[in-house]
1. Tell me the label-point distance for the pair residue 126, residue 57, using the 7 Å Cα-to-Cβ offset, in nm and rounded to one decimal.
2. Semi-axes of the equivalent ellipsoid for segment 85-128, please: Cα gyration tensor eigenvalues, times 5, square-rooted, ordered largest first, whole Å.
3. Can you classify segment 166-259 as rounded, prolate or oblate using the Cα gyration tensor, where a ≥ b ≥ c are the square roots of its eigenvalues, rounded means a/c under 1.5, and otherwise it's prolate if a/b beats b/c and oblate if not?
4. Checking a compactness column here: for segment 31-77, what do you get for Rg(Cα) / (2.2 N^0.38 Å), N being the number of residues?
5. Could you tell me the calculated FRET efficiency between residue 76 and residue 36, based on Cβ-Cβ distance and R0 = 30 angstrom, to the nearest 0.05?
6. What is the extension gain from residue 43 to residue 174, computed as 0.36 nm multiplied by their sequence separation minus the C-alpha to C-alpha distance, in nm to one decimal?
7. Eigenvalues of the Cα gyration tensor times 5, then square-rooted: what semi-axes does that give for segment 31-142, in whole angstrom, largest first?
8. Can you pull the semi-axes for segment 69-216, root of five times each eigenvalue of the Cα gyration tensor, sorted largest first, whole Å?
Amino acid sequence: MASLEQSIELHGQAQQPDLVSDLGRRLGRAVARSWILLLVAAIWETAPRVGLVEAAFLPPLSEVLATGWQLLRNGQLLSHIKASLSRSLLGFSLAILIGVPLGLAIGWYKAVADAINPLLEVLRNTAALALLPVFLLLLGIGEASKVALVIYSCTWPILLNTISGVRGVDPLLIKSARTMGLSPLQLFRKVILPAAVPTVFVGIRLAGAYSLLVLVAAEMIGAKAGLGYLIIYAQYNFQIPSMYVGIVTITALGLTFNQLLMRLEQRFTSWKVAPKE
């Protein structure tokens, strides 16, 4: 019994240094990856205080964070975040439902591509924000026009990357699958789709960024809630810290959204070999 207890104790002592070293390595990697952000934060904090920039136009970071905490406590920031996220996620989801199936059809069926390509070439070169007045005239200044703008801007990266993913599948892989007797449906489901998924997710991640950026611009013109409205309202009323709170919040949401999409991509592409660090 004593020897068993001693072995358990020795095993626990051996694991503690491993745990500490693992935490140390993770902390070191986190610092190495984020040192530039820490440097920017330090410059932002000190530059207004030492007079390098006018504090009225660029308040110290601590003042911006304090204002953000105040807006968070009184519920204003959360209401703006909720308004922007609801519009962004709805438009982004609908863009996926439109862009992925249409991109698969265009990339795989030549007849579909020949029929739709002329229209796509015209529309893809029309900037989304240039169509904002059109959406406002047709759909009004309510939620529909903002969601429609997000759908339009997000559909293109998803659609184009899906087409590229399908057309970029190795022809030898397709030929080998056909020699094994796979039907067209099995070929598409077991070969084309898995091979195209990484490229499709590139478009989805780009669309995730567009869904926030374009929406914020739309909210600055015709909205009474949302992060874009918060930024433009704060600027007009010279509430500069609140303006920067809106900008920082958009950045944080964009980073979080991108990380979630990366995790989702890893689940769908678990067959890929991870690169060595």
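1. Result: 3.8 nm between the two label points.
2. Working: eigenvalues 113, 43, 5 Å².
Ellipsoid half-lengths, sorted descending, are 24, 15, 5 Å.
3. Prolate.
4. So the Cα radius of gyration is 1.35 times the expected 2.2 N^0.38 Å.
5. Numbers: r = 31 Å, r/R0 = 1.03.
Once the sixth-power term is evaluated, E becomes 0.45.
6. 41.8 nm
7. Working from the Cα gyration tensor, I get semi-axes of 43, 21, 16 Å.
8. So the three semi-axes of segment 69-216 are 36, 19, 10 Å.
Bear in mind that the values in this text are calculations on the coordinates, not laboratory data. Predicted model only: the values in this text are computed from it and were never measured. Quick reminder, even Gly has a Cβ in these numbers, built from the backbone with ideal geometry, and neighbours come from all protein chains shown.
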